[in-house]
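Student: Quick one: the structure is below, questions incoming.
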Amino acid sequence: MKAVILDGIVLGLGFGLLGVGMTLVYGLGGVLNLAYGEVAVLAAIVVAQAMAGGIPTALAAVIGVLAAASTGLLLDLTLMRPVYRQSGGNKVLLGLLLTLGVAFVIEGVLTWRDPLGALSINVAGKPISILGVPLAVGSVWASVIALAAAAALLVFFGATIFGRAVRSVIQDELGARLVGISPALVRAVIFALSGGLAGLVAVTQSMTAPLTVNAGFNLTVTALIVSVVGGLGSVAGAFLAGVLLGIVDSVSAYYIGRYITSIVLLGAAVLTILVWPRGLLGGGQG
Amino acid sequence: MLEVSTLAAGYLGQKVVDGIDLAVRPGEAVAIIGSNGAGKTTLFRAIAGLLRPMAGRVMLDGRDVTRWPAQRVAQAGVAYVPAERHLFGGMTVKTNLTLGAYPRRPDRETLESVFEIFPVLRERLQQRAVTLSGGEQQMLAVARALMGRPRLLMLDEPSTGLAPKLAKDAFDALVGLKGTGVTLLVAEQQVPLALSVADRGYVLENGRITMEGTPHELDQNPEVRRAYLGVG
């Protein structure tokens, strides 16, 4: 049981890292980025190609993260512009349609150019024992990176003036403009950050299992579920929800079967909407 | 400091205010008085950059700021406090004040001077803004605006939602503020309150400025007395 829970936490930290990039963009711009998972896959393929070209793994990973961040920034500066000018239901719908289109394009191009593409980062070393449970080195690395990213994000949003400016735009965009904060600048930075986080997810996930070219849809759906449960716009909420959902996933896979986990996770999201419509920590406070 | 000429603004192609000429000199306190729906908020939104003017010009210290977005006007030293305040409700009083100084870090001196005007905020620092009373929220809105050390402070209906006694207190605080060198532009439908703080006033009626004068002149004007002071 202890091993199952610990596996769940490892999985959940990955979920949290995945969800946080989705939740920030939604909290800020009202855009549910359906291309999110594809941006991660794009980063994975960039890293894999770079490694195949002889670039050291760490440097290749950095290149992949930067490529994903640039993709996010490019999306914000081009296709998302008309979305921000809309409001209410139109805004959500236009955001969904445009990002879905981007997802199709990225997926199409990647499967056409590199149908068997996959990223697998092997971290050498003997399993490390944590609380008496042996964990693969790759899992430990992935968890440490996720925790470090969580800490960095919490410091950024909690203690820096720009981080607070981001939260202020989530809470009251007009109020933010009145104190001199440019929502456009904040959105561009957050879209780039979100893309970078998707790239980081690609790197950490490939440390535990190969990330294949068709993984995008699953990543997007998982990110969506994590952000709904955590509360849209909340960093701490995304990681909290990620860990909880990771444990739920791991436990249900162990006692019922792997086939059930997608349904259980979706059920958790539905239940959250019904019981706590704002999510665990919704509203931009975390 | 602020010069507005032949300004027209409105919504969906309909002009709400038209042909507005007004000027505010450094250190002055100017009141815009007018009833509900006269166009005070539309005029303020157009000056603050929240609403793109349909015609006319807004000059700030000799610079044309007519088409600047609100955040840029704010950075240039104009702090606009709308009647709905737009505080960051889920954040603490302290964070609201910190953000008022954006993009700089808040400096001690400004913070202290703000606490001097609104001592109650010091006791509420760790409280979330939504938990404040209406009067305290109004104080926080003005305090947040002051944290950016604005040269021009624009207040839209600062008495909104306040009991008469609190509204009086709010305006007393504004009188205190005048001594600190900040330039004030206040829109208010409660004319006696507005005239209590102003050096000069404009009367806005149906989107046009119909009168201008000192508080004494406006107070003695039979039109103003009949329309706004309920004296006939």
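The values are calculated or read from the model by the stated rules, or taken from the named source; none is laboratory data. Just so it is clear, the model here is predicted, and its values are computed rather than measured. Cβ sites come from the backbone with ideal geometry, for glycine too, and all protein chains shown count toward neighbours. Areas reflect the complete protein model, heavy atoms only, side chains present, ligands, DNA and RNA absent. Shrake-Rupley method; radii C 1.70, N 1.55, O 1.52, S 1.80 Å.
Student: Per-residue Cβ counts within 10 Å, from other chains only, averaged over A:180-193: what number is that?
Tutor: Averaged over the peptide's residues, the number is 3.
Student: What does the highest-first list of B:20-28, B:68-76 look like by mean Cβ count within 10 Å? Let's see the in-between values first.
Tutor: Details: B:20-28: 16.6, B:68-76: 19.8.
The densest-packed peptide leads the list: B:68-76, B:20-28.
Student: Please give the Cα centre distance for the stretch B:145-213 versus the stretch A:38-77, rounded to the nearest Å.
Tutor: 55 Å
Student: Would you work out if the stretch A:38-122 is rounded, prolate or oblate? Take a ≥ b ≥ c from the square roots of the eigenvalues of the alpha-carbon gyration tensor; rounded if a/c is under 1.5, else prolate when a/b is larger than b/c, oblate otherwise.
Tutor: Because a/c hits 1.5 or more and a/b exceeds b/c, the stretch A:38-122 counts as prolate.
Student: Moving to a separate point now. Return the single residue from A:TYR259, A:TYR84, A:TYR36 with maximal mean-square fluctuation; model: Gaussian network over chain A, springs between Cα atoms under 10 Å.
Tutor: Fluctuation is largest for A:TYR259.
Student: Okay, next question. Residue by residue through the stretch B:218-226, what is 3J(HN,Hα) from phi via Karplus (6.51 cos²θ - 1.76 cosθ + 1.60, θ = phi - 60°)? Round to whole Hz and write x for glycine and proline.
Tutor: 5, 5, 8, 5, x, 4, 4, 4, 6
Student: Please list, ordered by chain and number, the residues whose modelled amide H lies under 5 Å from the amide H of B:GLY56; skip anything fewer than 5 residues away on the same chain.
Tutor: B:ALA8
Student: When the Cα atoms of chain A are enclosed in a convex hull and the volume is divided per residue, what value in Å³ results?
Tutor: It is 129 Å³ per residue.
Student: Any idea what the relative contact order of chain A is, in percent, if you count C-alpha pairs under 8 Å spaced at least 6 apart?
Tutor: 38 percent
Student: Counting protein heavy atoms only and a 1.4 angstrom probe, how many square angstrom of accessible surface do chains B and A bury in total, to the nearest 100?
Tutor: By this definition, chains B and A bury close to 2000 Å².
Student: Would you tell me the mean number of C-beta atoms belonging to other protein chains that fall within 10 Å of each C-beta in B:143-155, as a whole number?
Tutor: 1
Student: Across the stretch A:100-115, in residue order, what do the Karplus-derived ³J(HN,Hα) couplings come to in whole Hz, using 6.51 cos²θ - 1.76 cosθ + 1.60 with θ = phi - 60° and x for Gly and Pro?
Tutor: Each residue of the stretch A:100-115 in turn: 5, x, 4, 4, 4, 5, 4, 4, x, 5, 5, 6, 6, 6, 8, x Hz.
Student: Among A:GLU107, A:GLU38, A:GLU173, determine the one that fluctuates most according to a GNM of chain A built with springs between C-alpha atoms less than 10 Å apart.
Tutor: Highest fluctuation among the options: A:GLU173.
Student: Out of every Cα-Cα pair in the protein assembly as shown, what percent are more than 46 Å apart?
Tutor: Tail of P(r) above 46 Å: 26 percent of Cα pairs.
Student: Tabulate in residue order the Karplus-calculated ³J(HN,Hα) for the stretch A:57-64, using 6.51 cos²θ - 1.76 cosθ + 1.60 with θ = phi - 60°, rounded to whole Hz; enter x for Gly and Pro.
Tutor: Result, ordered by residue: 3, 4, 5, 4, 5, 4, 4, x Hz.
Student: Which shape class applies to the stretch B:42-93: rounded if a/c is under 1.5, otherwise prolate when a/b exceeds b/c and oblate if not, where a ≥ b ≥ c are the square roots of the Cα gyration tensor eigenvalues?
Tutor: Judged from the Cα gyration tensor, the stretch B:42-93 comes out prolate (a/c at least 1.5, a/b above b/c).
Student: For B:TYR80, list long-range residues whose amide hydrogen, built 1.01 Å from N in the peptide plane, is under 5 Å from its own amide hydrogen.
Tutor: B:MET154
Student: Over what distance in Å are the Cα centres of the stretch B:1-71 and the stretch A:220-280 separated?
Tutor: With the stretch B:1-71 and the stretch A:220-280 each reduced to a Cα centre, they are spaced 49 Å.
Student: Additional query: Could you sort B:48-57, A:89-98, A:193-202 so that the peptide with the highest average Cβ count within 10 Å comes first and the rest follow in order?
Tutor: Values: B:48-57: 18.5, A:89-98: 15.3, A:193-202: 28.7.
The peptides rank, most packed first, as A:193-202, B:48-57, A:89-98.
Student: Within the protein assembly as shown, what percent of beta bridges assigned by DSSP are antiparallel, to the nearest 5?
Tutor: Antiparallel bridges make up about 60 percent of those DSSP assigns within the protein assembly as shown.
Student: List every residue whose amide H lies under 5 Å from the amide H of B:GLU205, counting only residues 5 or more places away in sequence or on a different chain, with H placed 1.01 Å from N in the peptide plane.
Tutor: Correct list: B:THR210.
Student: Could you give the dipole magnitude of the stretch B:81-232 about its Cα centre, charging the beta-carbon of Lys and Arg +1 and that of Asp and Glu -1, in debye to the nearest 20?
Tutor: I would put it at about 560 debye.
Student: So, one more: What accessible area per residue comes out for the protein assembly as shown, rounded to a whole number of Å², with a 1.4 Å probe?
Tutor: For the protein assembly as shown, the per-residue accessible area is 43 Å².
Student: Build a GNM of chain A with springs between Cα atoms under 10 Å: which of A:ARG81, A:ARG113, A:ARG258 gets the top mean-square fluctuation?
Tutor: Per the Cα network of chain A with a 10 Å cutoff, A:ARG113 tops the list.
Student: Using a 10 Å cut-off around each Cβ of peptide B:100-109, what is the average number of partner chain Cβ atoms that fall inside? Mind dumping the intermediate values first?
Tutor: Values: counts 3, 3, 9, 7, 2, 1, 1, 0, 0, 0.
That average works out to 3.
Student: Using a ≥ b ≥ c from the Cα gyration tensor of the stretch A:1-53 (square roots of the eigenvalues), is it rounded, prolate or oblate, where a/c under 1.5 gives rounded and otherwise the larger of a/b and b/c decides, a/b for prolate?
Tutor: Oblate shape, in that a/c is at least 1.5 and b/c is the bigger or equal ratio.
Student: Just report the Cα centroid separation between the stretch B:96-133 and the stretch A:121-177, whole Å.
Tutor: Between the Cα centres of the stretch B:96-133 and the stretch A:121-177 lies a distance of 30 Å.
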